[in-house]
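Presented below is the structure to which this report refers.
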Amino acid sequence: MGILEFFDQYKCTKNEKEQLLEYLCTIRVKRVIKEINDLKINKKKQHSHADRHQQPQAVK
């Protein structure tokens, strides 16, 4: 069921629709922020892992 069908089926008022949409947007934004943070953490882990496995270079 889509959001518009939900609104129609449960006869949501304009105020209820606005509150529900705001709530759903907040949830989505939080998920996106978490995904971005997870990507940053994974990227840092990959870089630190690669740094530990690099061969030391000869000093000239």
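The values are calculated or read from the model by the stated rules, or taken from the named source; none is laboratory data. The structure presented is a predicted model; accordingly, all values stated were derived computationally and were not measured. Cβ atoms come from the backbone with ideal geometry, glycine included; neighbour counts cover every protein chain shown. SASA here: full protein model, heavy atoms, side chains in, ligands and nucleic acids out. Shrake-Rupley method; radii C 1.70, N 1.55, O 1.52, S 1.80 Å.
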Discussion item. At 7 Å along Cα-to-Cβ for each site, give me the label-to-label distance between Ser48 and Leu24 in nm.
Written reply: 3.9 nm
Worksheet, complete the sentence: Per residue, accessible area of the range 5-51 with a 1.4 Å probe, heavy atoms of protein chains only, in Å², comes to 95 Å²
Worksheet item: Any idea how far apart Ile41 and Glu16 come out in nm if each label point goes 7 Å out from Cα toward Cβ?
Response: 3.8 nm
